[in-house]
1. What full-extension length gain, to one decimal in nm, is calculated for residue 130 and residue 29 as 0.36 nm per residue of separation minus the Cα-Cα distance?
2. Dipole magnitude of the chain about its Cα centre, charges +1 at Lys/Arg Cβ and -1 at Asp/Glu Cβ only, in debye to the nearest 20?
3. Quick check: pseudo-label points 7 Å beyond the Cα along Cα→Cβ at residue 78 and residue 55, how many nm apart are they?
4. Among residues other than residue 84 whose Cβ falls under 14 Å from its Cβ, what is the net charge (Lys/Arg +1, Asp/Glu -1)?
5. What residues have an amide H closer than 5 Å to that of residue 5, excluding those fewer than 5 places away on the same chain, when H is modeled at 1.01 Å from N in the peptide plane?
6. May I ask you to evaluate 6.51 cos²θ - 1.76 cosθ + 1.60, the Karplus curve with θ = phi - 60°, for each residue of the range 9-26 and list the ³J(HN,Hα) values in order in whole Hz, giving x for glycine and proline?
7. Say we join alpha carbon atoms closer than 10 Å with springs in a Gaussian network model of the chain; which of 29, 37, 110 then has the biggest fluctuation?
8. Arrange the following residues from fewest to most other Cβ atoms within 10 Å of their Cβ: 24, 38.
Amino acid sequence: MRARASVRLLIIDPANRILLFRFTHTADALSGYSYWATPGGGVEQGEYFKQAAIRELREETGLIREDVGSCVAQRSFEMMLPNGEKVHAQERFFIVRLINQEISTDGWSANEKAVISNYHWWDLNELVTTAKTVYPSNIPSILSVSTEK
């Protein structure tokens, strides 16, 4: 099983809400699955995690940053990609704090446009009490650990 390095972005607005995208798969190997998840994506050949985080931030939100700080958490697990390939995911998380909540989806790839059906700014209370599927499921604890550092 191939290892797939990726970055996840914990994007926080001035009201301390986190940006999540609604993924709805209808025409791929994950057809029928729907969930909320942080923006992010795979690390490309020759790219470092931080570089990938800066690139993904620009592509998925239109936000341009020269730095995204240090990795605040990481996890690894097995998952299936939309093309059906099973991979050993190795994710690193970065926090990006905004001064406003304006984002642009103009940089989305055709695949992102096909599977991301919505986005929403979630407050931590919503995350703790929702019955909806959210990845990763421990966002509040990642944020609380990162603020203690």
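Since every read-out is calculated from the coordinates, none of them should be taken as a lab result. Keep in mind it's a predicted model, so treat the numbers as computed, not measured. Neighbour counts run over all protein chains shown; Cβ positions are idealised from the backbone, glycine included.
1. Numbers: separation 101, 0.36 × 101 = 36.36 nm, distance 2.59 nm.
Computed gain between residue 130 and residue 29 is 33.8 nm.
2. Rounded to the nearest 20 debye, it is 300 debye.
3. Those two pseudo-labels are separated by 2.8 nm.
4. Taking every other residue near residue 84 into account, the sum is 0.
5. 43, 90
6. Listing the rounded values in order: 10, 9, 8, 10, 8, x, 8, 6, 9, 10, 7, 10, 9, 9, 9, 10, 8, 10 Hz.
7. Ranking 29, 37, 110 by mean-square fluctuation puts 110 first.
8. The order, fewest Cβ neighbours first, is 24, 38.
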